Amino acid sequence: MPRVAVVLLGLMFSSWAAGATAAEPLKGHVHDLSLLVAPEMPCVWPVGMMQHSVVPNRTFGASPYHRDLVTIDEHTGTQWDAPAHFVPPPDSGLPGAGPMGLITGDKVPAWQFIGEACVIDIREHIDNAPPGSSFLITPAIVQQWEKKHRPVGPGDVVLFRSDYSDRYFKPLATGGERFVHTVLRKDTSGWPAPTPECMKYLGNKKVMALGLDGASMGPVPDLAVATHQAGGQFGMIWTECATNLGSLPTTGACYVLLAAKHVGGSGGEARAIGITEPTLAKRLIDSAKAKRVVDLSVSLDEDLPVTWPGSVPGDEASRYIAKTLNAFGKARGPYFARAHLLDSQAGTHLVPPSFSLPPQGFNVKLFTPEIQRQRMQFEAKYGELGHSDLTTEKVPLEPLIGDARVIDVRSLIGSTKSADWPASPRITVDLIKAHEQKTAPIRAGEIVIFRSGYTDAHFQTLPALPDIDRLMASPLAGKTEAWPAATADVIVYLAEKGVRCIGTDGPTLGGVHRNDALATTWATATRGVFVVEFLTNVGELPEHGATFLFAPIKIKGTHGGYGRALAVK
């Protein structure tokens, strides 16, 4: 092995070890409650919805990056329902219509996504129903749990645990049709699900979030609409297709739903997690009850600049497209649902190392001469790049959750000269050290978030051509100053301190200069640092004391992870 590779491996190990030491309280206490979205799995409702797909549209060779185009139904894999999914708009004249029919996914307040998990064990009823039917969870079952434990109420997330997905969510070729297909064919029992009366009971107790590990909150064959509407009328949200609920205690854990933020959506694909470290869980639960939760995610909409427009022709990411599959139509049924076409790094997103490092076996000589020169320059200074197979679904969750350290870089705005554009103001190691001298040294395991206010200021509706948006297109064209960007040296410095996650409220961490941006991205990939880009509302966080929460949608084989970022104060 070349000496530079040995040095690099040692540096990476020390960085990861430092992060692991600082994050030790969370080790074993962050539980993934989400199903894998993959073509071989039964992750899409088999009637009236749309099968997901992941299509590479730019890959290594001509590009130093790999980009994916994702087609996905909102109700794929682990998902959530907003009230508008089954409650028609108030002016529609349809049965069950009401004001909650206007509450689409983007309008649900951030605090409603976090709460104390109250796990109601109904495993004894998992197959206790006729073929094609669900065992019905009644108010009496909830009341029995309450007598044994405690009353449920505001701030609780009631989770019905049957272990249905744990048992039946498997590849279609090896029995996965048992998850939904055979139920709808009335060959097997359905998943346990609550009655409309159960939803009303919980709604009257001001429970605003539910979840279950079955395929739908609605019981089959004929109560799905009534149950959905009963809960939706209260403004409730709920998780469907959760899994691994057995990893949570009966009470005391913090449940977090990190959902894609589709404007006008009926809910959407999501990542559900449970946090069982007692001190952190209690703090998150208490803060959520007090509604001290900040949504750090930009909204996904066709008319907003949510995808990378490209620094040169051919570098553009896929556009975000939203399509209504059904809007309470007679041909499909009494529900509202949408599907989306988007780049896997649309909106607020994670950058895994596989975005910029090719997989094992890739011949780097297939890169263009320009990219090969850049690689040689980078490796001469920072060490061998290597390869990565760490796609989005393989990224561990612990590094993406933790104490937020907000570093204010607003002073950099306006520091470049127009003659040098396109250019991003540079976040340097000296700036980081000055911050540390003023406050306190950065600790291993902290999540460093750069606050520039850039996205807050410029994330606006796309203008009519020939005007171009101020957020990304204009600075890339050299017409305006770009967002502040971190240098590769900053990444190395933070990694050596044990930082494993960096966030930024700019569209990217690397900025608009192509070579500098590539060096920054390579530095994060080789140092075991995960990046969450395109945050907003960072100014609502204190410099210290908030907890950052992010998880990407769990889609197999993607090289970028769109998702939801929240912070709890």
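The table that follows gives values for the structure above.
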quantity: Tally of residues being over 22 Å from T78 (Cβ atoms) and either modelled with pLDDT under 95 or among the hydroxyl-bearing types (S, T, Y) (or both) across segment 179-221; calculated: 2
quantity: Odd one out for P99 among (1) over 30 Å from R283 (Cβ atoms); (2) touching a residue at least 12 places away in the same chain (Cβ under 8 Å); calculated: (2)
quantity: Evaluation of G414 against (1) buried (at least 18 other Cβ atoms within 10 Å of the Cβ); (2) touching a residue at least 60 places away in the same chain (Cβ under 8 Å); (3) part of a loop (DSSP other than H, G, I, E, B) (one fails), failing number; calculated: (1)
quantity: Test: residue in segment 168-191 that is buried (at least 18 other Cβ atoms within 10 Å of the Cβ) and within 19 Å of P139 (Cα to Cα); calculated: yes
quantity: Criterion: more than 30 Å from T307 (Cβ to Cβ), in contact with a Leu (Cβ under 7 Å, 6 or more places away or on another chain), in a loop (DSSP other than H, G, I, E, B) and assigned by TED's automatic domain parsing to the domain that holds G235 - qualifying residue of P95, P154, P88; calculated: P88
quantity: Matching residues, segment 161-176, being closer than 13 Å to L35 by Cβ, not in a helix (DSSP H, G or I) and not charged (D, E, K, R); calculated: F169, P171
quantity: Members of segment 104-125 found to be surrounded by fewer than 20 Cβ atoms within 10 Å (Cβ to Cβ) and over 25 Å from K569 (Cα atoms), listed by number; calculated: D121, R123, E124, H125
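The values are calculated or read from the model by the stated rules, or taken from the named source; none is laboratory data. The model shown is predicted, which means the values in this text are computed figures rather than measured ones. Note that we place each Cβ from the backbone using ideal geometry, even for glycine, and neighbour counts take in every protein chain shown.
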